[in-house]
Amino acid sequence: MSLKRRHSTTQNASEQLQVLMSTLIKTMSKFRLAVIQLHVTKVKADNLSRARRLIREAAGQGAQVVVLPECFNSPYGSSFFPEYAETIPGESSQVLSEVAKETRVYLVGGSLPEADSGKLYNTCPVFGPDGSLLLKHRKIHLFDIDVPGKIRFQESETLSPGSRLSVFETPYCKIGVGICYDMRFAELAQLYAKKGCHLLVYPGAFNMTTGPAHWELLQRARALDNQVYVATASPARDETASYVAWGYSTVVSPWGEVLSKAGSEEAVIYADIDLEYLTDVRQQIPINAQRRTDLYTVNAVKED
Ligand SMILES: O=C(O)CCC(=O)C(=O)O
């Protein structure tokens, strides 16, 4: 082979490699997220089989990350937590692990009442596409509120709070996990963003009072403050339940736009998460570089 020909073959190979690399980077910078707004009943086995069916459906639609709602396998309510509590690993997390492995998705397993060493937690287990348990997020901020004449709820009567931040890595981006009331705490979202998360997921079950007032507003605020994608997964609304969930699972972009939103009924919603778009937003409005860290800062007190 002449020198000239060898040179052009090498050049072709390196160009092809570059094209391949840039296609790969582009592919990795986009992924499909599915949020399952599950109809949750008192029958745990039904909740589990419906969740499994909808996770399969989501994976069939190309979802690589799937999120279930808070308390996806039990009704939401202080009296139900002890009755439905399980260990993790345990029955429900075994089902989630199997279906994550079968469908090859990252699965954010909503939450379930977790029993551990005589205490109960509201816990979100996260599984990788090989079925391994990547982390357990125990709700950090317990939902204790009293709005006279509207709603009083005291999770702390039965639950203990978690005390860890929860971030997991995927080939696409880092993802930070919070549960419902955790979303009200801007500092948590800021810390997740500071740790490099580009997507925050909040399985949650707002109610008929705070749902219409705050649910979407909080998601858009967290997304805009931190220039990240935010996804919430609620149970479907069941007017016969003792605690009526608001529904309206949502995905919000780093620009603060609602990309996808369920109604009040059972549904699977999808959003294509585009990390190049996130980078563009951050370049256009560069608040990260403009922060006055000489005047203020948000830090984790305790690092894992
Ligand atoms: O913050 C709210 O208004 C609702 C929170 C909630 O339902 C929960 O944390 O489970």
Carbon plus sulfur fraction of accessible area for the stretch 31-287, probe 1.4 Å, in percent: 49 percent
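Rounded to the nearest 5, what % of the DSSP beta bridges within the stretch 31-287 are antiparallel ones?
Of the beta bridges lying entirely in the stretch 31-287, close to 65 percent run antiparallel.
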Hits among lysines - C-alpha to C-alpha of LYS119 under 19 Å, sequence gap 8 or more where chains match: LYS136, LYS139
Inter-part distance where the stretch 222-243 and the stretch 163-189 are each reduced to a Cα centre, Å: 14 Å
Contact order relative to length of the chain, as percent, for alpha carbon pairs under 8 angstrom and 6 or more apart: 18 percent
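Quick one: work out Rg over Rh on the C-alpha atoms of the stretch 31-287, Rh as Kirkwood radius. Working shown, then result.
Values: Rg = 16.6 Å, Rh = 17.8 Å.
So for the stretch 31-287, dividing Rg by the Kirkwood Rh gives 0.94.
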Reachable aspartates and glutamates from LYS30, criterion Cα separation under 17 angstrom, eight or more residues apart if same chain: GLU169, ASP272, ASP274, GLU276, ASP280
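Ignoring GluC sites (Glu not before Pro) that are buried or in helix or strand per DSSP, and keeping those with at most 12 other beta carbon atoms within 10 Å, what is the longest stretch of the chain between them? Write out the running numbers ahead of the final one.
Working: sites that count: GLU239, GLU257, GLU265, GLU303.
Formally, the longest exposed-site-free interval is 1-238.
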The chain - accessible surface per residue (Å², probe 1.4 Å): 47 Å²
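The values are calculated or read from the model by the stated rules, or taken from the named source; none is laboratory data. No experiment lies behind these values; they were computed from the predicted model shown. Neighbour counts run over all protein chains shown; Cβ positions are idealised from the backbone, glycine included. Only protein heavy atoms, including side chains, enter the accessible area calculation; ligands, DNA and RNA are left aside. Shrake-Rupley method; radii C 1.70, N 1.55, O 1.52, S 1.80 Å.
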